[in-house]
Structures are given as structure tokens and as C-alpha cells.
1. Have a look at A293, A254 and point out the one that is more than 25 Å from G80 (Cα to Cα), surrounded by 15 or more Cβ atoms within 10 Å (Cβ to Cβ) and of a type in the set (G, A, S).
2. State all residues of segment 1-31 that are under 18 Å from the mean Cα position of the chain (by Cα) and not hydrophobic (A, V, I, L, M, F, W, C); if no residue qualifies, say none.
3. Just for segment 278-313: of the residues that are aliphatic (A, V, I, L, M) and farther than 18 Å from H22 by Cα, which one is modelled with the lowest pLDDT?
4. Please pick out the residue among D263, D366 that is more than 30 Å from G130 (Cα to Cα) and at pLDDT below 95.
5. Among the listed residues I349, I285, which satisfies the condition of being out of contact with any Asp or Glu (no Cβ under 9 Å at 6 or more places or on another chain) and within 27 Å of G197 (Cβ to Cβ)?
6. Any chance segment 314-335 includes a residue that's of a type in the set (D, E, K, R), at pLDDT 95 or above, surrounded by fewer than 20 Cβ atoms within 10 Å (Cβ to Cβ) and touching a Pro at 6+ places or on another chain (Cβ under 9 Å)?
7. Inspect segment 124-145 for any residue being in contact with a helix residue (DSSP H, G or I) (Cβ under 6 Å, 6 or more places away or on another chain), surrounded by fewer than 15 Cβ atoms within 10 Å (Cβ to Cβ) and not β-branched (V, I, T) and give the result as yes or no.
8. For G25, which of the numbered conditions (1) assigned to a loop (DSSP other than H, G, I, E, B); (2) surrounded by 18 or more Cβ atoms within 10 Å (Cβ to Cβ) fails to hold?
Amino acid sequence: MSPKVIIAGGGIGGMAAALALHRAGVDVTVFERAPAFTEVGAGMSLWPNATHVLQSLGVLDHVIARGETVTQFNLQRPDGTTISTIPMDGFSTPSLCIHRADLHEVLRRSLHSIRLEANQTVQSYRQSGGGVTAKFASGLEAWADGLIGADGINSAIRSQIHGTTSPIYRGYCIWRGIAPDTGMTVRGHISETWGAGKRFGIMPMGQGRICWYATRNGPPSQPDGPRGRKSEIQELFQDWHQPIPELIAATKPADIIKSDARDRKPLRQWGEGCVTLLGDAAHPITPNVGQGACMAIEDAACLAKLLPGAKDVATAFRAYEGMRRTRTAFVARQARRIGAIGQWENPWIVKARDCITRLVLSRSPDVQLNAVYAYKI
């Protein structure tokens with residue numbers, strides 16, 4: 001008999017896990033704390049390590065139709081000078097930029113016969129008799145053979161296992177916005193511009209939309225400037241190369257979100273017994289290599305590979321954690337390191353950084369990329 005599994009969290013990681021496990025013959029129910037199964041946020045990148053999984057799940061063509069294929073990454077200085085150019089079309093599956101809501105909708109529409117329960121917040125769980133009972137804020141209780149916590153960086157399930165601790169702030173905030181295509185970006189090209197203590201990224205994501213993001217060093221939880229969020233960003237990047245000022249100007253203030261760059265130290269063991277974690281609940285990653293959702297999608301594929309043939313759910317979960325710990329910790333370190341380097345402020349160190357980065361990427365771009373992007377479950 002196939003195991004019965006509860007997934008706490010209906011974001012991209014939770015939905016990918018539900019689809020992968022369902023296709024592997026596992027009985028899955030997804031509980032989501034939001035009133036409906038939707039996704040918020042801005043654009044995101046999907047790299048070949050994740051699109052390979054989406055292809056195996058039969059949804060890649062639908063995802064490609066909703067986003068834009070990436071063919072080149074450009075790293076630049078604020079005056080528009082190129083530091084490095086890296087082709088991104090040499091992998092077995094494409095790289096993409098897509099709105100988070102569009103990816104989420106593709107996954108959700110693929111879950112035809114899976115039970116999806118919205119407006120249900122998992123608060124805790126209790127293990128007994130070879131299974132686990134999830135307890136919800138509504139008073140509902142649900143039993144299953146296993147519980148997967150895909151409930152985000154502030155996961156309640158993680159807190160029950162490892163204690164309640166705050167994520168680690170990495171020294172800079174991140175703004176994300178969506179602008180209409182101004183006609184000044186190249187289709188398929190994404191870019192990041194490195195200044196002193198701040199960065200700006202541009203990601204065309206199809207359907208006439210451009211996702212952009214910006215960073216700035218500072219203390220955590222900074223309030224918006226006195227003239228408002230959009231005006232603050234415009235002042236910070238007013239003299240940067242085109243189309244950065246134009247994209248900010250074309251963005252509606254309501255379409256700009258702000259967050260702090262945060263992650264956590266890697267765990268030695270993610271779960272216990274019939275309980276495990278997935279995605280940001282297990283290994284939150286700063287967004288500097290575009291791998292947060294990609295790691296969750298990899299997690300989903302790994303679970304689907306191990307769970308159906310395992311002796312029991314607990315054995316499968318420990319094997320899954322063993323396969324994923326080193327990989328996710330490596331990617332998190334890479335993201336944290338790149339973010340720290342990109343946020344350097346000293347003018348002399350910034351000049352040296354740009355020169356060294358150009359030399360390193362010109363000599364071994366494949367080695368740098370393949371370690372993260374060419375991975376296959």
C-alpha cells in the first residue's frame with residue numbers, strides 16, 4: 001500500500017513535492033495557511049537543475065510558455081561597462097525567468113486528483129504508532145504516515161524539531177519590482193550590475209514584463225524613506241546605466257516589495273522520525289544564485305525517488321536528508337559568498353573585485369556554472 005503523506009505548505013516547493021510524489025504513487029494532501037492556493041511575489045529564475053526536474057514531471061513546456069528563456073547573463077558596472085558575459089544556453093534543459101505566480105499556477109493545475117486544503121495553518125505535530133498527526137490552528141487534526149514541512153523560512157515544524165530561532169540577516173535589503181517592457185532590454189538576456197554596497201538586477205520574464213531587483217547595505221528591517229519606497233530606489237540608482245532608471249520609473253509603487261536578505265546555518269539533520277523538511281524550511285538561501293525555488297524543486301524530485309521503495313517513511317526521510325544536506329549547504333554558501341562580494345563598499349576593493357571577477361569568469365565559466373546548474377537528481 002502506498003504511504004500517505006501530508007505536506008504543510010502550498011508554495012512552489014510544496015506543490016512541486018505534491019506533484020512529484022503523486023506521480024510516484026504516494027497519497028498526498030497539501031495544507032496551506034493562506035486563504036487560497038496562490039503565490040505572491042515577483043519574478044524568479046529557474047535554472048537547468050530545476051527545469052530538468054520540471055521536464056521529468058511533464059510540466060516544462062507549460063512553464064516555458066509562461067516565461068522567457070535565458071540565453072545570456074551579463075555582469076556590469078553602474079556606468080554600463082561589462083565585467084563579464086556568460087552564455088546560458090549550453091545545458092540539456094533551458095534556463096528561464098518567470099513570475100512566481102505563473103509557475104505556481106502551472107504546478108497547481110497539474111494536481112488534478114490531489115487534496116488541497118487552504119486556510120489551514122499547521123501549528124505542531126505528534127508522532128505515534130509509526131505515523132504522525134498534524135495539528136492545525138483551526139482545531140483540525142490529520143493523520144498520515146509522514147509529514148513534510150514546506151512551510152517556509154519561519155517553519156513551525158522546523159521550530160518544533162530544532163527550537164525557535166531567528167533567521168540570520170546578511171547585511172542588506174532587497175527590493176523587487178515588475179515593470180512593463182520598456183523596449184530597452186534584450187530578449188533572453190539577464191543582467192546584474194555591481195556598485196559599491198548596492199546592486200541592480202534585470203530579468204525579462206515574458207508577456208511584456210520585466211522583473212528587477214535592487215539591494216542596499218544597511219541595518220535590518222529598515223523603514224521606507226520619507227518620500228516613499230519608489231522614490232528612495234530612484235534616488236539610489238538615478239545615475240546608473242540604462243534601462244535601470246527607466247525600469248524603476250515605469251514600475252507602479254504597489255508592485256515593489258521589500259525584504260531582508262536572510263538565511264540560516266545548515267542543519268546536521270533536518271527531521272525526526274516520520275517528519276522532514278523541504279525548501280526554505282530546511283535550507284533557506286539568499287537569492288544571489290537564483291536557487292531558492294530550484295533547491296526546493298530538487299528536494300521534491302529526491303523525495304519522489306526515495307519514498308516509494310523505502311522500507312518505511314522514516315528510513316526514506318533520513319536517506320533524503322543525507323542526499324540533500326551537502327548539496328543545499330554548498331549552494332547556500334555560494335549564494336552567501338556571492339552576495340557578500342557583490343555588496344562590498346570600499347571603492348578600491350570594489351575595483352579589485354570587478355577585475356578579479358572578470359578574470360575568474362573568463363577563464364573557467366563552465367566550472368563555476370556546472371557545479372550549481374548542471375546538477376541532476
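The values are calculated or read from the model by the stated rules, or taken from the named source; none is laboratory data. A quick note: this is a predicted structure, and the numbers were derived from the prediction, not measured. Don't worry about glycine lacking a Cβ; one is built from the backbone with ideal geometry, like all the others, and counts go over all protein chains shown.
1. Sole residue among the options that is more than 25 Å from G80 (Cα to Cα), surrounded by 15 or more Cβ atoms within 10 Å (Cβ to Cβ) and of a type in the set (G, A, S): A293.
2. Within segment 1-31, G9, G10, G11, G13, G14 meet the criteria.
3. Top of the filtered list is V289.
4. The conditions single out D366.
5. I349
6. yes
7. Scanning segment 124-145 turns up at least one residue that is in contact with a helix residue (DSSP H, G or I) (Cβ under 6 Å, 6 or more places away or on another chain), surrounded by fewer than 15 Cβ atoms within 10 Å (Cβ to Cβ) and not β-branched (V, I, T).
8. All conditions pass for G25, except number (2).
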